[in-house]
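Shown next, in structure tokens, is the structure this report addresses.
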Amino acid sequence: MYQGKTLSLQAIENGFVEINFDSQSGSVNKFNEETLGELQEAVKIVEDTANIRGLLLTSGKSVFVVGADITEFTDMFAAPKQEFLKGTQQANSIFTQIEDLPFPSVAAINGFALGGGFEVCLACDSRVIASNAAVGLPETGLGIIPGWGGTVRLPRLVGFATAVQWVTSGNQQKPETALAVGAVDTVVAPESLREASLALLTELADGSRDYSARRSQKQGPLPESAEELSGLSEKLQAMVQGSAGNHYPAPIKVVELMTKAATVGRDKAIAMENLAFYEISQTPQARALVGLFLNEQFSAKTAKGYAAALGEKLPPVARAGVIGAGIMGGGIAYQNAVRGFSVVMKDIAEPALDLGISEANKLLGKSVKRGKLSEEAAVEIVSKITPTLDDQAIADCDMIVEAVVELESVKKQVLPAIESQVSTTATITSNTSTISINRLAESLMRPENFCGMHFFNPVHAMKLVEIIRGEKTSDKTIAAVCNYALGLGKKPIVVNDCPGFLVNRVLFAMTFGLEILLKEGADFQQIDKVMEAWGLPMGPAYLMDVIGIDTIIHCYSSMIEGLPERYIKGDNWPTETIHNAGRLGQKNGLGYYKYELNDKGKPAKLVDPEAVALLESIAGPAHQVDANEIVDRLLISMAMEMMRCLEEGIVASPAEADMALIYGVGFPPFRGGICRWMDEEGLQSIVDRGDKYAHLSELYRPTEKLRQMAADGQSLFS
């Protein structure tokens, strides 16, 4: 009856017709402009064909429809209001046509039916779901709301409160949960999905099961009274505000919209949803979170692309080696084991090996306690780690992570020793946060097989791995290490060698800005509160305590030595003063703050008069600073250093630059990253604010390229 590039329409048994989503251009089905156009044609044919008794929606892929094609959102969000609304009305009109057909419809849900994929199922009279599938409306995770009837049809099926909770959370829902609330009608084994769906469609078509009452229910207002809705809405709004906070407006928008739309019929409610969808799409959070999704896809594709570009298939890692145990080495070994890699953990001291195994057991114990792992599975995982003092134990390892102490002299002794013990094809990496990969490579006979692999602490929790390319690192080595990092469940970003690499180089531009502020007498506690309110997971002083004050001082030395034209330390810098007083941060309970274990056994941050007195000895009593100035003084220096990294080719793209900061230091996702933030602020504004503070430090001075981009009205993501 119809064959398109994304779906087909055919007549099947019993007078039924089937629309089968099966995109020829990808491994999953998405609702893009092409799919919607073809669905519109297919539904028109169905409407115009006589003697049809029922419609079945199916998928030819392993998933139903994963949602809208998010790559089209950027242009969609930039469209004029009327054009935007016309597009959403087109999609909604197709779904409404399906809902209003003069015969029943059933959706057979396999895999995932998310976003628009679930919304088209909601337009059907009934839904049958495979037991291994899932449904959901995840749009709030992108800073937007459902725009194709999800906020209208779902509450009319499952009730107002449940629907609001589903939409505001954006969570995927398991079949049993969906069945319990009435979002689906039947859960069946995957192999029985088609048969069960056709059986249900037959019952609806021959009248043995009624569907007219549900249609009426879906087209009218909700049954709750105005008082009930008001009370529920107030409670749900408070709940959403508590979990989402002020930085994510989409969930609040959902509660407001669904409360108003509950009192009107379907068509008017959909029109209200269209308008709310447009309004939320114009927020910076929506642009940032959609951009973040696209950047994440781009970064993952880029990391996988290094192997594809070789033109040869890389062998999988057969056995990994971690040189240097302790907390960091143990964390890396744990990550290998938990992802299925056999790993040798080598050290020169038994206590370090004990500490490494203890770290792995501690992490596994937490998973067992939370019910994520069985005792047997935990034992099997830890058995993949072979602790050893024997140098020869790494001989058959084809991927090595050196994680010894952060001293160049020590690493230059260890790396050649490793190279002499492994095969000539083995890949060797160094887990370093500051030491030049080019300098370390000087100690090796095969520098082409060597690169940096900077894990962030704690290894199991931090997604980012910076892969640092040295001047002599081969493309094959980069590809192999990217594949390995992906296998570890990490997000690899490839950067070129420079002082601090990418993340620390940019991060320390912020902390140097903090040092200057504190020298002027600013209050570090106020600065932390302002930056946390801005969206950082922890303020900069608190962050330095968590990293370790001694580590910060060590890294400062590398930055000052490597980039002396900008990273210039004055006398009596605050963090240096803190360090000289023997305060190392959380690791010894004393830093900018003092730390005491709370009832959960975690270090609780407390104000310490001794730290306050130390800072007063440098700059006098602390005073308050305008919050906007605090934000600018810390972020503009970061922004300028990131621009230099882009211009120097340290990182290849703004997308990867932003993902590195989000994965590596928790830059707030709703800001999209430092490059996205610069675009939102406007490059001319960034230049002007950089010039305003350039007299304080060269870290603030805009680059000439940035000035030109600003003058030309460009943006980093243009």
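Figure the gain on full extension for GLN241 and ALA533 (residue separation times 0.36 nm, minus the Cα-Cα span) and round it to one decimal in nm.
Here the answer is 103.7 nm.
Which residues' amide hydrogens lie under 5 Å from the amide hydrogen of SER59, considering only partners 5 or more residues apart or on another chain, with H built in the peptide plane?
PHE21
Can you tell me, using C-alpha contacts under 8 Å and at least 6 residues apart, the relative contact order of the chain as a whole percent?
Once normalised by length, the contact order is 9 percent.
Out of residues 5 or more away from TYR2 or on other chains, whose amide H comes under 5 Å of its own, with H placed 1.01 Å from N in the peptide plane?
LEU9
Looking at the P(r) of the chain, how many percent of alpha-carbon pairs lie beyond 42 Å?
Roughly 39 percent, rounded to a whole number.
I'm checking a number: the convex hull volume of the Cα atoms of the range 223-373, normalised per residue, in Å³. What is it?
225
HN-Hα J couplings of the range 304-321 from phi, Karplus 6.51/-1.76/1.60, θ = phi - 60°, integer Hz, Gly and Pro as x?
Rounded to whole hertz, the list is 6, x, 4, 6, 4, 5, 5, x, 9, 7, 7, x, x, 5, 7, 7, 9, x.
In what order do VAL382, VAL495 fall by count of nearby beta-carbon atoms within 10 Å, going from fewest to most?
With the fewest neighbours first, VAL382, VAL495 line up as VAL382, VAL495.
Using the Cα atoms as the points, what is the convex hull volume per residue of the range 503-711 in Å³?
Given the Cα convex hull of the range 503-711, per-residue volume reads 120 Å³.
For SER93 and ALA180, compute 0.36 nm times the residue count separating them, minus their Cα-Cα distance, and round to one decimal in nm.
Result for the pair: 28.4 nm of gain on full extension.
Over all pairs of distinct alpha carbons, what does the Kirkwood formula give as the hydrodynamic radius of the range 320-496, in Å?
After inverting the mean inverse Cα-Cα distance, the result is 16.0 Å.
Using DSSP to define loop residues, name the chymotrypsin sites (Phe, Trp or Tyr not before Pro) in the range 1-38 whose beta-carbon has at most 11 other beta-carbon atoms within 10 Å.
Those that pass, being in a loop and sparsely packed, number zero.
What does the charge count around VAL368 come to, taking other residues whose C-beta lies under 14 Å from its C-beta (Lys +1, Arg +1, Asp -1, Glu -1)?
+2
For every helix of n ≥ 4 consecutive DSSP H residues, a contribution of -39,500 (n - 2.57) applies; sum these over the chain, divide by its total residues, and give [θ] at 222 nm rounded to the nearest 500 deg cm²/dmol.
Value at 222 nm, helices only, nearest 500: -16500 deg cm²/dmol.
Pop a pseudo-label 7 angstrom from the Cα along the beta-carbon direction at both ALA300 and VAL405 and give the gap in nm to one decimal.
4.1
Could you give the length gained by full extension between ASP691 and ASN457, i.e. 0.36 nm per residue of separation minus their alpha carbon distance, to one decimal place?
Length difference between fully extended and current span is 80.7 nm.
Go through the range 466-508 and name the chymotrypsin sites (Phe, Trp or Tyr not before Pro) that are in a DSSP coil and have 13 or fewer other Cβ atoms within 10 Å of their Cβ.
For chymotrypsin sites (Phe, Trp or Tyr not before Pro) across the range 466-508 that sit outside H, G, I, E and B with at most 13 neighbouring Cβ atoms in 10 Å, the list is empty.
Using Cα centres only, tell me the gap between the range 646-665 and the range 314-374 in whole Å.
So the two Cα centres are separated by 29 Å.
Step through the residues of the range 579-592 one at a time and calculate ³J(HN,Hα) from phi using the Karplus curve (6.51 cos²θ - 1.76 cosθ + 1.60, θ = phi - 60°), rounding each to whole Hz and writing x for Gly and Pro.
3J(HN,Hα) across the range 579-592, in whole Hz: 5, 5, 8, x, 9, 10, x, 4, 5, 10, x, 9, x, 5.
None of the figures in this text is laboratory data; all of them are computed from the coordinates on show. Since this is a predicted model, take the numbers as computed values, not measurements. Don't worry about glycine lacking a Cβ; one is built from the backbone with ideal geometry, like all the others, and counts go over all protein chains shown.
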